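The values are calculated or read from the model by the stated rules, or taken from the named source; none is laboratory data. Everything quoted here is computed from the prediction, not taken from an experiment. Every residue, glycine as well, gets a Cβ built from its backbone with ideal geometry; the counts of neighbours run over all protein chains shown.
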Amino acid sequence: MLKRVIIAGLLTITANVSFSQNFNRQRLDSLFNILEEKDKYMGSIAISQNGQPLYTRAIGYSDIESSQKADTKTRYKIGSISKMFTASLILKAVEENKLSLDQTIDKYYPQIPNANKITITQLLRHRSGIHNFTDDKAYLTYNTQAKSEKEMMAIIAGAKSDFEPDTQSEYSNSNYVILSYILEKLYGKSYADILKTKITTPAGLTSTYSGGKTDLKKNESYSYKFNDKWTKETETDPSIPLGAGAIMSTPTDLTVFIEKLFAGKIVSERSLDSMKTIDGKYGMGMFKLPYFEKYCYGHTGGIDGFQSVLVYFPAEKLSVAITSNGLIYANNDILLCALSCYFNKPFDIPTFKTIALNPEALDQFSGNYASTQIPLKLQITKAGNKLYGQATGQSSFPLDAISANTFQFEKAGIVIEFNTEKKQLTLKQRGQVFLFTKE
């Protein structure tokens, strides 16, 4: 399932673009070397062009307790990238005349509000209005427990619609849980069996499957969060997300999958065009993401402590897959580095050096700041010898000094530069730049 960051929404990549046939392996190695040295990241990456591997690497541990190191064959939970597989399965069912994209879901789940108006297409494009159950506080009280279809549908159907079907786009994991159950009804098999029969076996994806509880003997990975040290995350029971977020895979398998998808070897060209077509914010199981005059298609994912990214550039036939089971340094910054290595553009390798400032020197930065660029205010406060930032309606985050007037929140890729003379700050996050003025 997708997890929200402090300000940035979907993945946004910003850099100038020019094609380079010489992939800069040394730069990406340098990034992974320092991430490993400074213990800032655990995960794996695969980069491929036209079916030919350009780069693979894994760092960190699949299990810290037993000191089991990860390798490029380690399997990670990919969260919402699972939706690309589920959308493909639904479109294959359409190709087999097992259902229609225009049919409403009241045939399957009449108890869902507006079921007689909601179509399969609207589920695929997040235009159903069905409330996202993972947004509710109650979700974290049951997510580690196995749930039946009846139990999950009671949870989903018990919420009111967020909006009238097809009037707007709003991301909801509920849509793809429902699609998973519909697939099981169509084929009379479990989601795991359908995935295996229809996609992974024909495509030769030997490390991709609907996951269960972590099994180290299968080279699967636990996930972690960092609070002074790495601590193991609890595991969401796979019966809950199903095709919305329960698939296990490797970066190499993911690059093979998306390359075959865009080559017409998973679904038909017509079905692929439907997946790529953006209505509001979303396609069917994928996003269209900007890279200045270029663009890519793909999806991000997050479940428990796992974070993942999968993108494909059609013009270059370039695919990049990143899976992480514990991060302080953001996947999006690793993606930016990977793309800079391919497109021959600058990228600054982080040093992770911070400095200590006199607590009195921090007083000048405190205050409330507003921006004309985005409808968010930013509160800067001091506690002891540390600054904290907090955006409207969101949790506070620590800021580490990297110079006398520049601070960062490394985990979210945030850098804040203060200009005390103008009473302003500039917030930079993953290629985006916002100016705030002190109120």
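Given the criteria part of a helix (DSSP H, G or I) and closer than 24 Å to residue 212 by Cβ, does residue 256 qualify? In short, yes. State yes or no: is residue 277 more than 20 Å from residue 124 (Cβ to Cβ), surrounded by fewer than 24 Cβ atoms within 10 Å (Cβ to Cβ) and in the same structural domain as residue 192 (by TED's automatic domain parsing)? Spelling it out, it is not the case that residue 277 is more than 20 Å from residue 124 (Cβ to Cβ), surrounded by fewer than 24 Cβ atoms within 10 Å (Cβ to Cβ) and in the same structural domain as residue 192 (by TED's automatic domain parsing).
The single condition among (1) over 30 Å from residue 25 (Cα atoms); (2) part of a strand (DSSP E or B) that residue 415 does not satisfy is (1). If you check 389, 384 for being at pLDDT 95 or above, more than 30 Å from residue 29 (Cβ to Cβ), over 23 Å from the mean Cα position of the chain (by Cα) and not assigned by TED's automatic domain parsing to the domain that holds residue 27, only one passes: 389.
For residue 228, the conditions (1) crowded, with 22+ Cβ neighbours inside 10 Å; (2) on the phi > 0 side of the Ramachandran plot are fulfilled apart from (1).
Residues in the stretch 369-379 that are surrounded by 14 or more Cβ atoms within 10 Å (Cβ to Cβ) and touching a Leu at 6+ places or on another chain (Cβ under 9 Å): 369, 370, 371, 378.
Flag set for residue 233, criterion: touching a Gly at 6+ places or on another chain (Cβ under 6 Å), on the phi < 0 side of the Ramachandran plot and surrounded by fewer than 18 Cβ atoms within 10 Å (Cβ to Cβ). Any residue at all in the stretch 133-141 that's out of contact with any Gly (no Cβ under 8 Å at 6 or more places or on another chain), over 15 Å from residue 112 (Cβ atoms), of a type in the set (Phe, Trp, Tyr) and buried (at least 17 other Cβ atoms within 10 Å of the Cβ)? Checking the stretch 133-141: not a single residue is out of contact with any Gly (no Cβ under 8 Å at 6 or more places or on another chain), over 15 Å from residue 112 (Cβ atoms), of a type in the set (Phe, Trp, Tyr) and buried (at least 17 other Cβ atoms within 10 Å of the Cβ). Answer with yes or no whether residue 411 is surrounded by fewer than 20 Cβ atoms within 10 Å (Cβ to Cβ), touching a Phe, Trp or Tyr at 6+ places or on another chain (Cβ under 9 Å) and either within 20 Å of residue 225 (Cβ to Cβ) or polar (S, T, N, Q) (or both). Criteria met by residue 411.
Put simply, of 144, 86 the only residue that is of a type in the set (S, T, N, Q), surrounded by fewer than 23 Cβ atoms within 10 Å (Cβ to Cβ), modelled with pLDDT of 95 or more and assigned by TED's automatic domain parsing to the domain that holds residue 284 is 144. Only residues that are touching a residue at least 12 places away in the same chain (Cβ under 8 Å), not in a loop (DSSP other than H, G, I, E, B) and not aliphatic (A, V, I, L, M): list them for the stretch 143-177, please. 149, 173, 174, 175, 176 - these are the residues of the stretch 143-177 that are touching a residue at least 12 places away in the same chain (Cβ under 8 Å), not in a loop (DSSP other than H, G, I, E, B) and not aliphatic (A, V, I, L, M). Scanning the stretch 380-393 for residues that are surrounded by 15 or more Cβ atoms within 10 Å (Cβ to Cβ) and closer than 21 Å to residue 360 by Cα yields 380, 381, 382, 386, 387, 388, 389, 390. Could you please find all residues in the stretch 40-61 being farther than 23 Å from residue 332 by Cβ and touching a strand residue (DSSP E or B) at 6+ places or on another chain (Cβ under 6 Å)? Once the filter is applied, which keeps residues that are farther than 23 Å from residue 332 by Cβ and touching a strand residue (DSSP E or B) at 6+ places or on another chain (Cβ under 6 Å), the stretch 40-61 yields nothing. On the basis of being assigned to a strand (DSSP E or B), surrounded by fewer than 19 Cβ atoms within 10 Å (Cβ to Cβ), touching a residue at least 24 places away in the same chain (Cβ under 8 Å) and at negative phi, does residue 56 make the cut? When the stated conditions are applied, residue 56 passes them.
Against the condition within 23 Å of residue 302 (Cβ to Cβ), without any contact (Cβ under 8 Å) to a residue 24 or more places away in the chain and crowded, with 21+ Cβ neighbours inside 10 Å, how does residue 70 come out, does it pass? When the stated conditions are applied, residue 70 does not pass them. Residues that are under 14 Å from the mean Cα position of the chain (by Cα) and of a type in the set (A, V, I, L, M) within the stretch 289-318 comprise 289, 303, 309, 310, 311, listed in sequence order. Which residue pairs have Cβ atoms closer than 7 Å, lie 6 or more positions apart in sequence or on different chains, and pair a first residue in the stretch 221-246 that is under 13 Å from residue 79 (Cα atoms) and touching a residue at least 60 places away in the same chain (Cβ under 8 Å) with a second residue that is of a type in the set (A, V, I, L, M, F, W, C) and assigned to a strand (DSSP E or B)? Note: pairs meeting the criteria are 223/306; 236/303; 241/303; 245/303.
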